[in-house]
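The values are calculated or read from the model by the stated rules, or taken from the named source; none is laboratory data. On a predicted model such as this, the values are computed, not experimentally measured, just so you know. Every residue, glycine among them, receives a Cβ derived from its backbone with ideal geometry; neighbour counts consider all protein chains shown. Surface accessibility is based on the protein's heavy atoms, side chains included, excluding ligands, DNA and RNA. Shrake-Rupley method; radii C 1.70, N 1.55, O 1.52, S 1.80 Å.
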Amino acid sequence: MENRIRTARPHVNRNEDLIFEQTSPGKSGVELPPLDVPPASPEKLLSAESYRADIEGFPEVSETEVIRHFTRLSTWNYGVDTGLYPLGSCTMKYNPRINEVVARLEGLATDHPYTPPVLAQGCLAVLAETARCLAEITGMDAVSLQPSAGAQGELTGILMIRACLADRGNPRRVILIPDSAHGTNPASVTISGYEVKNLKSNSRGCVDMDELDRAMTEDVAGLMLTNPNTLGVFEEQIQEIARRVHSKGGLVYMDGANMNALVGVARPADFGVDVMHLNLHKTFTTPHGGGGPGSGPVAVKQYLEPYLPTPTVGQSSDGKYYLDFNRPKSIGRVRAFYGNFGMAVRALAYIQANGAAGLRQTTLDAVLNANYVRSRLQDVYDLPYDAPSMHECVFSDRRQVARGVRTGDVAKRLIDYGFHPYTTSFPLIVSGALMIEPTESAGKAELDAFIDAMRSIALEVEEDPQFVLRAPYTTRVTRLDETAAARKPVLRWKPQQS
């Protein structure tokens, strides 16, 4: 069993000291020539308010120590540039580097947000073209790129539903949300002033139509569902769902976070969606996570267009672009300026580089990869919902729990095999969920290596569950007290007193 442990490269020190602990008084990474002029006083030149004294405890190290320390630390990082990132529901695909080059072009990266529209025609054209492409892909009539994240896009869409229904005479009180929806959906609904009513899924992981009929009263403003849902399952009765909601005067909001399973194959507008958001980082490969900028464009049918956030990008009869602030029914601004412009640049570069055929192929590849993983693992991990998978597949740890091993334990062991863990314990409607989304950017060889690792761990659980429960073995630290880490985090380093 011990031979299965993947060990670190011998020259990588997993017990790297902090840079503060490597300090040696008087050591420096630079050596300047002696002064040939009288020394000046920084306090006098800069004033006492502008001059900072030496930083207490600042490390004194050589250039070699600095370079090697941070280079070694960088080798411990794991990301989409180094390997498969199978987080389900997050779509951590590889981002083509050409998109980054385009986003840094002079005129795109350097224009100031306050540049007058007459001098920013190129940037406005990018915004207009990105919105046009997203409208065509979704089948919707109008798009706002202003929301800066998917969750903010959700809030924007629900606020537009409220504004529209208020104009019709009654904003209503309740939004229905299936238990298979994304976790941010209830928060967005609550912030918008609506009450949330949960809908239970049926045995196939889809909306239960009888539950919908009972819940869909004239007090319901609409249905907010994720499609494909967090189980990776497409709502097969989506057209009938939309018809029943509309028949009672409600509107249908679709969480389009999983649109990477539909692009080029199906358009939400065609199966009855009134408003939806898209996550550019999930479907159109803009950066994801790390505290960077996000983008959650909202697409709507024509009757919701008047309520889009202000401003929108318009085009006059002479072809000039402008920002339209004259929108009396708008829900107002949801983000400064017109959203995160660089994300629109990257998304447009990706869309145009792929074209219609290429975008469709990425969808087909994503679905194929997810189903390949599913077919290769369903004999060793429990599959709670036996419905066709789309872009991701969800297993449970039911078989492993019988041996005392849970989804989090399998995930920790997976680190020893050189892979980032999948999403653990989500969605909540699956007990002990293992949520895997390989994305279209994973090749067969990489998927086979991941599958072999998962199958090997399943075998380890059967042969020696205690071995798995002690993993990971190759990390700098192994089992953390996760409760203490969450409740009592150490956020500031203090030098040890000598």
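Structure summary
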read-out: Cross-link table Lys93/Lys248; Lys248/Lys301; Lys248/Lys329; Lys282/Lys412, entries beyond 30 Å C-alpha to C-alpha; value: Lys93/Lys248
read-out: Under-5 Å amide H pairs with Thr312, H placed in peptide plane, nonlocal only; value: Asp324
read-out: Bins of 5 Å from zero: percent of alpha-carbon pairs in the stretch 158-225; value: 4, 19, 29, 22, 16, 8, 2, 0
read-out: Compactness of the stretch 103-176 - radius of gyration and Dmax, Cα, Å; value: 16.6, 49
read-out: Anchor Lys27: lysines whose Cα lies under 29 Å away (excluding residues fewer than 8 positions away in-chain); value: Lys44, Lys494
read-out: Kirkwood hydrodynamic radius over Cα pairs of the stretch 40-189, then Stokes diffusion coefficient at 20 °C and 1.002 mPa s, in µm²/s; value: 97
read-out: Probe 1.4 Å, all protein chains present, accessible-area order of Tyr417, Tyr94, largest first; value: Tyr94, Tyr417
read-out: FRET efficiency for Gln302 and Ser203, using Cβ-Cβ distance with R0 set to 35 Å, rounded to 0.05; value: 0.40
read-out: Rotationally averaged projected area of the stretch 99-351 (alpha carbon convex hull; nm²); value: 13.3
read-out: For Glu16, distant residues with modelled amide H under 5 Å away; value: none
read-out: Apportionment of accessible area to carbon and sulfur, the chain, percent (1.4 Å); value: 53
read-out: The stretch 205-212 - phi-based ³J(HN,Hα) in whole Hz, Karplus 6.51/-1.76/1.60, Gly and Pro as x; value: x, 10, 4, 7, 5, 5, 4, 4
read-out: Equivalent ellipsoid, the stretch 358-484 (semi-axes from 5 times Cα gyration tensor eigenvalues, Å); value: 25, 16, 14
read-out: Point-charge dipole on Cβ atoms (K/R +1, D/E -1) for the chain, about Cα centre, debye to 20; value: 540
read-out: 1.4 Å probe accessible area per residue over the chain, in Å²; value: 50
read-out: Along each principal axis, Cα extent of the chain, largest first, Å; value: 81, 68, 42
